[in-house]
Amino acid sequence: MVMDISDAKTRLRGSIAPIITPFNESGYIDFETLKKLIHWHIDSGSHGISVTGTTGEPSSLTTEERVQVMEVAAQAVAGRVPFVPGTGSTNHEETLYLTKKAQEIGADAALVIVPYYNKPSQHALYKHFKAIADAVDIPIIVYNIPGRTAVNLEVQTLARLKEDCPNIIGVKESNKDFEHVNRVLLNCGRDFLLYSGIELLCYPMLAIGGAGYISATANVVPDKVAELYNAWMAGDIKRAQDLHYELMPLNDILFKDTNPAPVKAALGMMGKIQPILRLPMDLPSPAIQQEIREVLNNYVTIAS
């Protein structure tokens, strides 16, 4: 059953955790560990679950593997919280296929990234996202991450998409330009769901009317990342601010190398996963891993 738009705008809020894709020592997807991670996140208070976004190494997965991860994750979530898989890619037809699959398996929304590497024009981006939205009934959250895609989805393009596509209900902005994200709500309306994909902007984005965040740091401390949102919603501004600054050193170290390499190193230290990435990604250098260990020790129990 596809979530209706009004229900989506109510439920798709808070900390939507972008889960890593765990691999075993042979390089295959470790589905049992994936399920355990999802259960842990839900038990820890995450408000939603996402897979196969940037933190899930989607470009290192085959199309078939991405479908498998979505299917296993949907079964593990079992409707307990909203499920928002990443379905975008650099290929338009693949994005269509994956977004339709997300709808088929009962995802609550799809997270669709601006195509990377191609550097499309704003007109081409409009046509790409409109075609995806028109092909499905599922709510769409656009994912704007110019540091990875080499092109910024401009506010006016997003506002046009929101106007023309009723199921485009929000945007994940991994955009350090805070003026840009303010103008998203000004131009798209304050009921448009705005999520932070920049860890240091999770709290500030709530202050301007954001719906929440999709933060890689939630992989390591899902309880604290979720609590920041809960504190804000409860009107405990001091607690939310305290958590914002408490999490800052961890946020910094988890982006000392390219995401999700530091996150996987940290989860390995916590005994949650085998810390394995697929080439061309790899774990951080031994020196950075030592820095991660020293910072991580202030937040969680390290197993190794």
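Apply 1/(1 + (r/R0)^6) to the Cβ-Cβ distance of residue 131 and residue 80, taking R0 = 25 Å, and write down the FRET efficiency to the nearest 0.05. Before the final figure, lay out the partial values.
On the way: r = 32 Å, r/R0 = 1.28.
In this case the efficiency is close to 0.20.
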- Query: Sorted from fewest to most neighbouring beta carbons within 10 Å, what does the list 164, 134 look like?
  - Reply: 134, 164
- Task: Quickly work out the residue 279-to-residue 248 label distance, labels modelled 7 Å from Cα along the C-beta direction, and quote it in nm with one decimal.
- Result: 4.0 nm
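When the dipole is taken about the Cα centre of the chain, and only Lys, Arg (+1) and Asp, Glu (-1) are charged at their Cβ, what size is it in debye, to the nearest 20? Each step should come with its number before you reach the end.
On the way: 27 positive and 34 negative charges, 62 e Å.
Roughly 300 debye, rounded to the nearest 20.
Treat region 62-151 as a sphere of radius equal to its Kirkwood radius over Cα pairs and apply Stokes-Einstein at 37 °C in a medium of 0.692 mPa s; give the translational diffusion coefficient in µm²/s, rounded to a whole number. Don't jump to the answer; show the numbers that get you there.
Working: Rh = 13.3 Å.
Value of D from the Cα-based Kirkwood radius: 247 µm²/s.
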- Task: For each of 199, 179, 71, count neighbouring Cβ atoms within 10 Å of the residue's Cβ, then give the residues from fewest to most.
- Result: 179, 71, 199
- With r defined as the distance between the Cβ atoms of residue 191 and residue 28 and R0 fixed at 51 Å, what FRET efficiency is calculated, to the nearest 0.05? 0.75
- Show me 23-35, 54-66 ranked by packing, highest mean number of other Cβ atoms within 10 Å first. 54-66, 23-35
- Item | trypsin sites (Lys or Arg not before Pro) restricted to DSSP loop in region 194-295 with at most 16 other C-beta within 10 Å | 278
- Item | Debye log10 I(q)/I(0) for region 159-216, one point scatterer per Cα, at q = 0.25, 0.26 Å⁻¹ | -0.97, -1.03
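Of 245, 203, how do they rank once you tally other Cβ atoms within 10 Å and put the fewest first? List each step's numbers first, then the result.
Details: 245 9, 203 23.
Placing the least packed residue first, the sequence is 245, 203.
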- Given backbone amide H placed at 1.01 Å from N, residues whose amide H is under 5 Å from that of residue 14, ignoring those fewer than 5 places away on the same chain, are 212, 213
- Item | Gain upon complete extension [residue 223, residue 239; 0.36 nm per residue less C-alpha separation] | 4.4 nm
- Message: Along the Cα→Cβ direction, 7 angstrom out, place labels at residue 290 and residue 148. What is the inter-label distance in nm?
- Response: 3.0 nm
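Counting each DSSP H run of 4 or more residues in the chain as -39500 (n - 2.57), what helix-only mean residue ellipticity at 222 nm follows after dividing by all residues, to the nearest 500 deg cm²/dmol? Spell out each step's value before the answer.
Working: 13 runs with 142 residues, N = 304.
When only DSSP H runs of four or more count, the value is -14000 deg cm²/dmol.
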- What's the center-to-center distance, using Cα atoms, between region 186-229 and region 91-158 in Å? 20 Å
- Note on the structure: Whole-Hz Karplus couplings 3J(HN,Hα) for region 212-219, θ = phi - 60° and coefficients 6.51, -1.76, 1.60, Gly and Pro as x, run x, 7, 10, 10, 4, 4, 4, 4
- Task: Pop a pseudo-label 7 angstrom from the Cα along the beta-carbon direction at both residue 91 and residue 302 and give the gap in nm to one decimal.
- Result: 4.1 nm
- Item | Among (i) 42, 31, 15; (ii) 28, 22, 18; (iii) 32, 24, 18, the entry that matches semi-axes √(5λ) of the Cα gyration tensor in Å as calculated here | (ii)
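Every number here is computed from the coordinates shown, using simple stated rules; none is lab data. Not measured: the values here are computed from a predicted model. Here the Cβ is made from the backbone with ideal geometry for all residues, glycine too, and neighbour counts use every protein chain on show.
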